[in-house]
Amino acid sequence: MHRGVLDSTLDVAGTGLLTQESGHDKHEQGQPHGEPAAHDADHGTDTGHHDPANQDAGHEKTGHDNKGHDNAGHGEDGGHHAHRPVTNFSCEDATFALSLSALLKTIGWDFQRGGRNMSTRTPIFRSVSALTIIGCSMAAAQWTENSDENLVIANRTGEQTQPKIHVNVDGSAYISWFDNNSGGFDVYLQRLGANGDALWADDGVLIADRGFSSTQDYDLDVDPAGNAFLTFRDDRVGSTQITVTRINRDAVQTWGNGGVQVTSGNNFVAAPKVAVMTNGDAVVAWTDNGDVRLQKLSPTGQPLWGEGVTVPAIGGDSTSASDLDATSDGGAILSVVRGFLAPKHLHAQKFDANGNALWGEVPPAVFDGGSLQTANFPQFVTDGDGGAVFAWYSVGPLQSHAQRILSDGSEVFPHNGIEVATTARSRTAPDVSFNRATGETFVFWREETGGPFPEFGVFGQKLDQTGNRMWTDAGLEVEALRTLELSQIRQVQRGDGAMVSWVETLSFGDQHVHASRVDSDGVPGWGTSAIDVSSVESGKSRLTVAGGPSGSGILLWADGRNDANDIYIQNIDASGPLGPTCFADLNDDGVTNPDDFGVLADCVAAQCGNVDINDDGITDWADVQMFMLLFGGCP
């Protein structure tokens, strides 16, 4: 699952400045995270009753993505400083970072030793503020504080749908979608600055001019250097193939405008996934007739696994690719759905860097004790230690489950997983995240009563390291049961808890987006009521959520306020408000100046962990790097 994630590495302007090598899992928060929809033409709104599978029904993975989503989920996130509104800025040009770096060295900052030997209050240190204008393009912040507006990403005539997002270490984000403005559901990509300004052309950059009349799933991931990877079905080469393309920060497709095709011939190919390794290699998986196949590409687009790897059939049944993610130990985990008709089971396999299967010749079952919902393709998140955490729901009864599988393939919870709650209600469409610092699993889902007048709620559960339910056997009530339908439950790890979002249907064509935050004890973080993220009277679908800097969140969705669908986005500060946020006022004095850098410098030197700007759970050079990129945009 490719929930949008804060990458922990980035080569600023290609110089290697402050680049930190660390594990890169695509849905550390996910990242993430969105939901699959069917391998067919589904790309409509998630409004129908008995939506258990509705938001999954197009095998569309919205990049909560996941791919991501725990990357931001286990450090201090908002308690160390308040986030103030930004009144000017965009400092995307990395020459600012280079200039600040050079000045820091002249004042005695020792990058190797992680300390400084001069006071932040010396005149020369204060002159850092003068450098905020070097290489910076000043622009008004684009995030809005108004839930009746939101920020538009693409609103050309015709339908734009199936958005995905991946957040980078500098706070910028890649956003992809299908655009039917000229027919064919073309592939588009946009890069958004940390304060919401579009860094590329309005309405995005065309990646692939396709000729399809319907959509299937596709995927987005980003490498440590900030290059975006897209994989999708492609009919530009005659027959339908699976294409992978690599796009740099200047919107150039570095493998050529046609990308690289990992298939050939006339097989039915569908629903590709991509997972990028820390070295820039990319693993791609897709459904190929009744099998699942994989290939690995080098940073220059060369195939590394020969003719590719085929996942063996399971008991003679067909298999379909469900999710794919890179692991911190250099491997990749793939999940597949076994069976075309019920009973449908969930299996998983881990591959090493050479494409060798590590969990046995046949992918072991994660769930085979009943059946998945038809057209449901569950996603997972990686655990940061070579394993993965899964959530899914079964039919007969409709019940949500969770399971963690370690790097060696062993199950942490009992086989077929832990039921997230035990009261006599239906639980569908679960979304999962994992806190790497504590080993806790968070699951949020849609709760539903039965009968002719069902009620819907948003509930959650925290499982400890061994699978014990920590929020009672009934689960945590995030949004109380009501007759209005609630759907598209999404979450992202924030601090020691989670930010949870959902869509409420007031009437046909009138859906609102809401969000709430809970801490590790299940206590609401923004008061007892959820906040309005989008209160525009319109249909909304494909909701996905990603983690932004310093505990903030970013929500992305398809919106019918103007026509068939446009793409809209909204940020949420760690403390709850919508709108522009300054992440660099670390001492809460209302001014962004070198004193804030002093706070960060002291914390890096002391390894205090309290100023975690990129939300990876520690305070280190990656936080310094992000601070330098964000510093110039704050008052």
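The values are calculated or read from the model by the stated rules, or taken from the named source; none is laboratory data. Given the structure is predicted, the values throughout are model-derived calculations rather than measurements. Every residue, glycine as well, gets a Cβ built from its backbone with ideal geometry; the counts of neighbours run over all protein chains shown. Accessible surface is based on the protein model in full, side chains and every heavy atom, while ligands, DNA and RNA are left aside. Shrake-Rupley method; radii C 1.70, N 1.55, O 1.52, S 1.80 Å.
Okay, here's what the table says:
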item: Residue in region 311-319 that is among the hydrophobic types (A, V, I, L, M, F, W, C), open to solvent by 20 Å² or more (accessible area, probe 1.4 Å) and assigned to a loop (DSSP other than H, G, I, E, B) present; result: yes
item: Some residue of region 573-596 being out of contact with any Lys or Arg (no Cβ under 6 Å at 6 or more places or on another chain), closer than 30 Å to S182 by Cα and open to solvent by 10 Å² or more (accessible area, probe 1.4 Å); result: no
item: Hits in region 249-262 - residues which are surrounded by fewer than 17 Cβ atoms within 10 Å (Cβ to Cβ) and not in a strand (DSSP E or B); result: D250, V252, T254, G256, N257, G258
item: Hey, G369 over 30 Å from G258 (Cβ atoms) and not aliphatic (A, V, I, L, M) or not; result: yes
item: Whichever residue in region 521-539 is among the polar types (S, T, N, Q) and modelled with pLDDT of 95 or more and, among such residues, is surrounded by the fewest Cβ atoms within 10 Å (Cβ to Cβ); result: S535
item: Matching option when the condition is on the phi > 0 side of the Ramachandran plot, of a type in the set (S, T, N, Q) and surrounded by 24 or more Cβ atoms within 10 Å (Cβ to Cβ), among Q511, Q488, Q461; result: Q488
item: Any hit, region 205-222, residues being of a type in the set (A, V, I, L, M) and closer than 23 Å to Q379 by Cα; result: yes
item: Spans of strands (runs of 3 or more DSSP E) in region 108-197 with at least 2 residues touching a Ser or Thr at 6+ places or on another chain (Cβ under 8 Å) and either open to solvent by less than 20 Å² (accessible area, probe 1.4 Å) or at pLDDT below 95 (or both); result: 160-167, 173-179, 186-192
item: Cross-chain or 6+ apart pairs with Cβ under 9 Å, region 263-282 first and in a loop (DSSP other than H, G, I, E, B), then among the aromatic types (F, W, Y); result: T263/W286
item: Selection from region 308-346 of residues that are closer than 18 Å to A270 by Cα and out of contact with any Leu (no Cβ under 9 Å at 6 or more places or on another chain); result: P312, A313, D317, S318, T319, S320, F340, L341
item: Residues being within 16 Å of D431 (Cβ to Cβ) and either surrounded by fewer than 19 Cβ atoms within 10 Å (Cβ to Cβ) or in contact with a Leu (Cβ under 7 Å, 6 or more places away or on another chain) (or both) - total across region 399-415; result: 1
item: Single match in R427, R404 (criterion: outside any loop (DSSP other than H, G, I, E, B) and farther than 23 Å from K273 by Cβ); result: R427
item: Residues satisfying the stated conditions in region 380-401, i.e. over 17 Å from S328 (Cα atoms) and not in a strand (DSSP E or B); result: V395, G396, P397, L398
item: Filtered residues of region 286-310 (kept if part of a strand (DSSP E or B) and either touching a helix residue (DSSP H, G or I) at 6+ places or on another chain (Cβ under 7 Å) or closer than 19 Å to T374 by Cβ (or both)); result: T287, V292
item: Meets criteria (in a loop (DSSP other than H, G, I, E, B) and among the aromatic types (F, W, Y)) for F444; result: no
item: Which numbered condition V599 fails, given (1) open to solvent by 10 Å² or more (accessible area, probe 1.4 Å); (2) closer than 22 Å to E145 by Cβ; (3) modelled with pLDDT of 75 or more; result: (2)
item: Selection count, region 524-567, where residues are more than 30 Å from D496 (Cβ to Cβ), among the aliphatic types (A, V, I, L, M) and part of a strand (DSSP E or B); result: 3
item: Residue within region 281-296 that is within 20 Å of the chain's Cα centre (by Cα) and surrounded by fewer than 24 Cβ atoms within 10 Å (Cβ to Cβ) present; result: yes
item: Region 198-208, residues that are in contact with a Phe, Trp or Tyr (Cβ under 9 Å, 6 or more places away or on another chain), surrounded by fewer than 24 Cβ atoms within 10 Å (Cβ to Cβ) and of a type in the set (A, V, I, L, M); result: V205, L206, I207
item: Region 209-248 - residue that is modelled with pLDDT under 95 and farther than 23 Å from G308 by Cβ and, of those, surrounded by the most Cβ atoms within 10 Å (Cβ to Cβ); result: P224
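This table checks each residue for (1) open to solvent by less than 30 Å² (accessible area, probe 1.4 Å); (2) over 26 Å from the mean Cα position of the chain (by Cα); (3) at pLDDT below 95.
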residue	(1), (2), (3)
A321	yes, no, no
T327	yes, no, yes
A342	no, yes, yes
A348	yes, no, no
S371	yes, yes, no
Q379	yes, no, no
V389	yes, no, no
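Every residue, every condition in (1) farther than 15 Å from W445 by Cα; (2) outside any strand (DSSP E or B); (3) of a type in the set (A, V, I, L, M, F, W, C), yes or no:
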| position | (1), (2), (3) |
| --- | --- |
| E479 | no, no, no |
| L486 | no, no, yes |
| Q491 | no, no, no |
| V503 | no, no, yes |
| L506 | yes, no, yes |
| Q511 | yes, no, no |
| H514 | no, no, no |
| G522 | no, yes, no |
